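Enquirer: Structure in structure tokens, see below.
Rule-based calculations on the coordinates, nothing more; no lab input. Since this is a predicted model, take the numbers as computed values, not measurements. Reconstructed Cβ throughout: ideal geometry from the backbone, glycine too, with neighbour counts over all protein chains shown.
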Amino acid sequence: MPNINYEIIIPAYNAGKFLQQLLDQIKNLPLSYKPKRIRVIDDGSKDNTPNIALNNEVQLLSIPENKGKGFALKAGFKEFLETVDCDYVLCMDADLQHPVSSAIDFMHEIEKNSPMIVIGARERKTENMPFLRILSNGLSSWILTKCTQKNIKDGQCGFRAIHKNVLNKVNLKEDGFQLETEFILKAARAGFDFNFIKIPTIYNKSLSNIKHIGDTYKFIKLVLNDIRLRYDRKRQN
């Protein structure tokens, strides 16, 4: 049976509608798959998100005002690295679009192959995922595959397990959703590989905080900067 030392980080912004159900599902994981710690990063929520976290056996890190998902993740990563009693962190969104049961599949993959990074790969079918999301996900994953020269099956999924050694070597700066793209680009540039596992595609009509035009611009900017850095490195060599 898997015996992986890991904690779960949940960036949460106005997640009161789903957070209790999510925490209950995590607590109901089989004993050998339970995380050592659940850490909720409250990103300046205006609802009862922090109260729900306080009423459960989790660690709450509160950010006074909304800074963005990337900012919340970086704050969680910092706390994770300073605690130094787990090898892996499993990032999970608070809106129930990540099936908690898939945490078992992540642990199986880690036990079997000892990867440094595992990312969930969602099935792209119109009955499960809105068409615009399929288009965005497919295109961004293809671009990241070309940029990194690695097979990026799902570049936008935030359900990912990361070894502490990766976070110690990758300097993340983005504050918004684009941090997840930045992570893939910088981890690839640092020489890390990516393992992917299939996860169900769930859309529960929760409101997305993604600002499509602004985040598309930031995605393009990150990719172009990565291309420039790789070109400069080749010239120096």
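Enquirer: Give the residue list of GluC sites (Glu not before Pro) in region 1-85 that are DSSP loop and have at most 15 other beta-carbon atoms within 10 angstrom.
Expert: Sites meeting the loop and neighbour criteria: GLU57, GLU65.
Enquirer: Another question, then. Please give the net charge around MET116, taking every other residue with its beta carbon less than 12 angstrom from that of MET116, where Lys and Arg add +1 and Asp and Glu add -1.
Expert: So the surrounding residues net to 0.
Enquirer: Nearest 500 deg cm²/dmol is fine: what mean residue ellipticity at 222 nm does the chain get from its DSSP H runs of n ≥ 4 alone, each adding -39,500 (n - 2.57), divided by its residue count?
Expert: The helix contribution divided over the chain gives -13500 deg cm²/dmol.
Enquirer: Moving on to the next point. Check which residues have an amide H placed less than 5 Å from LYS34's amide H, if you skip close sequence neighbours.
Expert: The answer is none.
Enquirer: If packing is taken as the mean number of other Cβ atoms within 10 Å per residue, what is the order of 180-190, 219-229, highest first?
Expert: Most protected by this proxy first, the peptides run 180-190, 219-229.
Enquirer: On to the next question. Mind checking which aspartates and glutamates have their C-alpha under 15 Å from LYS46, skipping anything on the same chain fewer than 8 residues away?
Expert: Here the aspartates and glutamates satisfying the reach criterion relative to LYS46 are GLU65.
Enquirer: Report the convex hull volume per residue for region 23-173, counting only C-alpha atoms, in Å³.
Expert: It is 146 Å³ per residue.
Enquirer: Pairs to check: LYS69/LYS153; LYS17/LYS150; LYS169/LYS218; LYS36/LYS150; LYS67/LYS146. Give those whose C-alpha atoms are more than 28 Å from each other in this structure.
Expert: Numbers: LYS69/LYS153 22 Å; LYS17/LYS150 37 Å; LYS169/LYS218 23 Å; LYS36/LYS150 31 Å; LYS67/LYS146 31 Å.
With Cα atoms farther than 28 Å apart: LYS17/LYS150; LYS36/LYS150; LYS67/LYS146.
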